[in-house]
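Below: one structure, written as structure tokens.
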Amino acid sequence: MAISNNKRELEKKKAQKKREKERRKDERRKNGPDSFDDMIAYVDENGNLCDTPPTATNTEVNADTIEISTPKQADIPKEQPSGIVDFFDSTKGFGFIRPKDSDEKYFFHISNAPQDIQKGDKVSFILEKNQRGLQAVDIIHATK
């Protein structure tokens, strides 16, 4: 079976890569293993990496000053924008309000609106975040 030139070249390259890999492996063996101390890095108080261990400084922290939660919903001031009912479907029980100062539309459910709400009514409302985004709640007629 005849071997083509291209196949011979590929075999030569493969053998050369294998020899190079063995050579690098032998060099690593001769140099000896790196110690763990050579590989370790430390982080100083400013967050920078360095090769020397940081000096121990005992600073006292008052645990009462650490806040690890989000602010309560009552702590967030609720704005009361106003707008116009852009769409309302009484059979399905939902609609959309367009605020005066933007082109966005906010969804509302009939349970959060007056019973006599209609398309075109001027209303004021509170925005509340739910799973799908912002939703208008506590809807009241601005002027009737």
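The values are calculated or read from the model by the stated rules, or taken from the named source; none is laboratory data. Owing to the predicted nature of the structure, the values given are computational and were not obtained by experimental measurement. As a convention, Cβ positions derive from the backbone with ideal geometry for all residues, glycine included, and neighbour counts pool all protein chains shown. For accessibility, only protein heavy atoms count, side chains too; no ligands or nucleic acids. Shrake-Rupley method; radii C 1.70, N 1.55, O 1.52, S 1.80 Å.
Note on Ser69 and Glu27: their simple-model spin labels are 5.9 nm apart, each label 7 Å out from Cα toward Cβ. Accessible surface calculations at 1.4 Å, restricted to protein heavy atoms, place the chain at 89 Å² per residue. State the percentage of accessible surface on the chain attributable to carbon and sulfur atoms; use a 1.4 Å probe and exclude ligands, DNA and RNA. Result for the chain: 49 percent of the exposed heavy-atom area is carbon or sulfur. By the helix-only formula, in which each DSSP H run with n ≥ 4 contributes -39500 (n - 2.57) and the sum is divided by residues, the chain has a 222 nm mean residue ellipticity of -7000 deg cm²/dmol.
Axis angle, to the nearest 10 degrees, between helix 5-31 and the longest C-alpha principal axis of the chain: 90 degrees. Between the amide H of Asp121 and those of Val85, distances stay under 5 Å, these residues lying 5 or more places away or on another chain, with hydrogens modeled in the peptide plane. Take every Cα-Cα distance within the stretch 1-59, group them into 5 Å bins from 0 onward, and report for each bin the whole-number percent of pairs it holds. Final binned percentages: 4, 13, 11, 10, 10, 8, 8, 8, 7, 6, 5, 4, 3, 2, 1, 0.
Using the Cβ-Cβ distance between Ser35 and Glu11 with R0 set to 41 Å, the FRET efficiency works out to roughly 0.55. Projected onto their three principal axes, the Cα atoms of the stretch 97-138 cover extents of 27, 24, 13 Å, largest first. Mind checking which aspartates and glutamates have their Cα closer than 12 Å to the Cα of Lys122? Skip sequence neighbours fewer than 8 apart in that chain. Once the sequence-local aspartates and glutamates are set aside, what remains near Lys122 is Asp86. Taking Ser90, Ser35, Ser82 as the candidate residues, the one with maximal mean-square fluctuation in a Gaussian network model of the chain, Cα springs under 10 Å, is Ser35.
Listed peptides 98-110, 14-26 appear in the order 98-110, 14-26 once ranked by packing, highest mean of other Cβ atoms within 10 Å at the front. Placing one equal scatterer on every Cα of the chain and applying the Debye formula, the log10 ratio I(q)/I(0) at q = 0.09, 0.10, 0.19, 0.20 Å⁻¹ is -0.63, -0.64, -1.09, -1.15.
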